[in-house]
1. Go through Lys450/Lys732; Lys260/Lys794; Lys114/Lys179; Lys732/Lys922; Lys34/Lys208; Lys42/Lys397 and tell me which ones have a Cα-Cα distance over 24 Å in this structure.
2. Can you tell me what share of the DSSP beta bridges in region 26-196 is antiparallel? A percent to the nearest 5 is fine.
3. Would you mind telling me the share, in percent, of accessible area of region 825-950 contributed by carbon and sulfur at probe 1.4 angstrom?
4. In the neighborhood of Lys335, defined by Cβ-to-Cβ distances under 13 Å, what is the net charge if each Lys or Arg adds +1 and each Asp or Glu adds -1?
5. Computed over the Cα atoms of region 26-196, what is the convex hull's projected area averaged over all directions, in nm²?
6. Please compute the modelled spin-label separation between Gln556 and Arg363, points set 7 Å along Cα→Cβ, answer in nm with one decimal.
7. Taking the Cα centre as origin and putting +1 on Lys and Arg beta-carbons and -1 on Asp and Glu beta-carbons, what dipole magnitude results for region 201-457, to the nearest 20 debye?
8. If we sort 325-338, 800-813, 401-414, 861-874 on the protection proxy, mean other Cβ atoms within 10 Å, highest first, what's the order?
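The values are calculated or read from the model by the stated rules, or taken from the named source; none is laboratory data. All values reported here derive from a predicted model rather than from experimental measurement. Reconstructed Cβ throughout: ideal geometry from the backbone, glycine too, with neighbour counts over all protein chains shown. The protein model used for the area step is the full one, side chains on, heavy atoms only, and it has no ligands, DNA or RNA in it. Shrake-Rupley method; radii C 1.70, N 1.55, O 1.52, S 1.80 Å.
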Amino acid sequence: MVEGRNANGAPSNGKLAGGNAYTIDLDTFSRRLKALYSHWHKHKDDLWGSSDALAIATPPPSEDLRYLKSSAVNIWLLGYEFPETIMVFGDKQIHFLCSQKKASLLSVVKSTAKEAVDVEVIVHVKVKSEDGSAQMDNVLQAIRRQPKSDGPDTSVVIGYLAREAPEGKLLEIWADKMKNSGLPLSDISNGLADLFAVKEQSEIIDVKKAAYLTASAMKNFVVPKLEKVIDEENKVTHSLLMDDTEKAILEPAKIKVKLKAENVDICYPPIFQSGGNFDLRPSATSNDDHLYYDSASVIICAVGSRYNSYCSNVARTFLIDSTSIQNKAYEVLLKAHEAAIGALKPGNKLSSVYQTALAVVERDAPEFVSNLTKSAGTGIGLEFRESGLIINAKNDKVVKAGMVFNVSLGFHNLQAETTAEKSRNFSLLLADTVIVTNEGHEVVTHLSTKALKDVAYSFNEDEEEEEEVNVKTDSTRKEALYSKATLRSNNQEELRRQHQAELARQKNEETARRLAGGGALPGNSRGAAKASSDLVAYKSINDLPPSRDMIIQVDQKNEAILLPIYGTMVPFHVATVKTVSSQQDTNRNCYIRIIFNVPGTPFTPVDANAVKNQSSIHLKEVSFRSKDPRHISEVVQLIKTLRRNVMARESERAERATLVTQEKLVLAGNKFKPVRLSDLSIRPSFGGRARKLPGTLEAHVNGFRYSTSRPDERVDIMFGNIKHAFFQPSEKEMITLLHFHLHNHIMVGNKKTKDVQFYVEVMDVVQTLGGGKRSAYDPDEIEEEQRERQRKNKFNLDFQNFVNRVNDMWTQPQFKGLDLEFDQPLRELGFHGVPYKSSAFIVPTSSCLVELIETPFLVITLSDIEIVNLERVGFGQKNFDMAIVFKDFKREVMRIDSIPVSALDGIKEWLDTTDIKYYESKMNLNWREVLKTITDDPQRFIEEGGWEFLNIDASDSESGESEESDQGYEPSDAEPESDSEDEDSDSESLVDSEEEEEEEEEDSEEEKGKSWEELEKEASNADREKGDEPDSEDERRRKKNFGKSRSGPSSAAPKRMKFRVKQIMLHFESRVHRKQSLYLCESPKVCKRLFSRLEAVTFLIT
């Protein structure tokens, strides 16, 4: 039995007296003995079978896992189990029949029992050489002599546990003597079950500890174990997983649970099931089949553990590449399970709890009703299944505060749409331990998540791998990654275009609603600057220091400088000084020059004090001469230092004045130790020239605190002020970090910031002396790499553990409204770009686009984005830019420049997946003017189609007839014969000045529309007229290769022809990029005619 497996462990309410001897907690014994007699007398007829005496016999210890009410009575009343012991409770006497050792331990309860319920305790000692028959006869004789409650003519009714078969010689003899005694017998199982149903506070604590151990085993051992097995495609049997999990539970330190191993045990051997063979009964076992984790497979895991003999249970179902039916079934089961838990409130009937879960299934998936389990769990405590508290449609017992339930619900024998035989039949199971409270309920196994996103795994990438056949072998890993998204079928590309078209419609409707209601035009958040405090050096003339000599003085205490002016020391606050300088002439005379801040001077910051005193006369500049250069130098240095300190202080004060007042940090008490992460650095740093010290980050009740050994270096970050939290392990970077993006600014040292980062460097900077190359097989080099790898893994693991524990804190009810969870960047979706001044690796997360390595940090919330415009996307470009337009049109557009074109398709796929509308353009837009136009006339923006002006296809069709369009020149065979003089003059300004006269002569002939051959002949004639030397034979032969013979010797013809082709090529490229550079040849009309025959131009360039 279970108790036998842990017989040497500490009892639930016993106290260690010394060695292996335990003493009984007399206070607990007294309290529970009163509860036993009170319940017995109150419910004697309906629950206790009208028993006049209660006989409870405990069998000998066993290694089998079993739950007996006799053992439960021992532990509940006395603190731990007394095997081979018979207890008989009467109205006036309590009899114990046991060995001498047990008798000596039980003798201490005699006086307590007398005081508690006024009964006499009689201990009968059975000697080893005897079978105990004589003592049993004495006990039965005492029962017959006790007064009868129903009158002297009735027999004494003995209550016993009828469902427990006698084990061992002692219990068999006792059972025979009761049957042969002639006294009526009655079953008392229902009475004991009702007595144990409502738990005391000490019992609740034991259940919570057991539940924490169970959930930790599932989260910290079972889930990582399964993930590793599946990821590495190992073959592991269910029974081996069962054994490993049992060992982890019996050694709590291995799963990071600080409970003594001697107090814990398993409720049942852990259950692992997969491959189509499922049994949802509590008696199920793990077979020797291998874990099955192919596509559309289901894995059920159930774990139960005990602390001080009190049980808890948790069960989870994991879906591998699940089908739509499996997903739907799980979602419905999850809703039904949550509904059943929610119905566990004091006053509700257990039957209504089951009906609540059933109603969810009938509403959302009536086809699964027949597959739903017939019960939703049972009560749990000292027994794994408390028979009187089964949650089914027939049990009308009322839920009470203090009851504990194992809420277990499942679907069995469902069918999936798959060809794999082992995946076709599947079952689902969810179970949690729930404590009923006065206010409702508490799920004490919440540490183990059951959300679909956390239990559904996708490992099947076969389809994507088949699509990569066209990827070049010499492509980089990055390009190969993006090719997964780009090498898709035409149908998938069409779906993406349709999705983007739908997003465009939704985005325009949303923007129109916001503009119509003024929601997109928030006021300037900066607001008016607060007036600075009056800068007063001295409140009265009496405060001036006594003048010694008529020399310049610096009063650092009052932050003033005193200048001798007309025989009087005149004070000036140091903040009024703009600059101070000194110089020396050839006569050893030193000059000091002080320039003050004067209102109206260019480049002078606006001072509220100067604005208030505009009618006053201001001193702009003053100079002094001195024969003491050392004094002058000292004064200049003092003024500069004092001014720098005052300005820094005032700047920090102004920054702090704009901060939002936050709640105070509630430190963790003695009962709750803060989650701690040590040896961290912080960005931004505290500043100062002192050596930067590492600090410790602690998670307290309502926020984080970072502190170093210096008392003034401390930062508090409230949970309520955190907008996004990121954890980025070190993969290809040199640091592992935690990053917090805040709602409101805080001060870190004297810096105002919304981004706070805590990091540790995972690699030491090592410089090899000697400069020679080291071999890859050098033992020192190998050892150094191993050391770095171990260091990186250690830091990543420490950070991961911290993140997991904080995430667990954030799942508590008081933090649900904050929606906090550490997000981890997805490196496989990252791309290089220039968000500020230098190139960085930018990585998406589930809710943001971030760059957390280089400063300044980049954190863009995806929900704040209106649209994304991909600019400079065109033929022949190696890079493009990304313009991110925010829903707040007053906010500056964020630009990320120089993104490699190889990342284009991956970015499009990511944007489409996250439901962000994107556009493409050939040029960069002036977004300040665009947004100003929108905000100035939002109605016109809405009427003209919203953001569709960025749509290339729509813009081409609408503006193709206009030569002034940004879309470039559209070549045509029929050109208008007359052009404006302004256009010609503007075009001719782009042509070299030495060609102007020649172009004017050619204009009249060119308007007639000459052929390509005629244009080439005219160009050759023009070259000869300028006196160029004839072509060489090689050049003539090269020209013949184009199929055209040229007449007239001209040595400069090859050079001229090369220039013309270069100009044509420039124009051809510019058309692709939609730039208006129409006239790049020698003559505007020549260039136009050339481009009207694009095939010839292309052939010539080729």
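1. Lys450/Lys732; Lys260/Lys794; Lys114/Lys179; Lys732/Lys922; Lys34/Lys208
2. In region 26-196, DSSP labels about 45 percent of beta bridges as antiparallel.
3. With neighbouring chains kept in place, the figure for region 825-950 is 50 percent.
4. Result for the neighbourhood of Lys335: -1.
5. So the Cα hull casts an average projection of 9.4 nm².
6. Label at Arg363, label at Gln556, 7.5 nm between them.
7. So the magnitude is around 680 debye.
8. 401-414, 325-338, 861-874, 800-813
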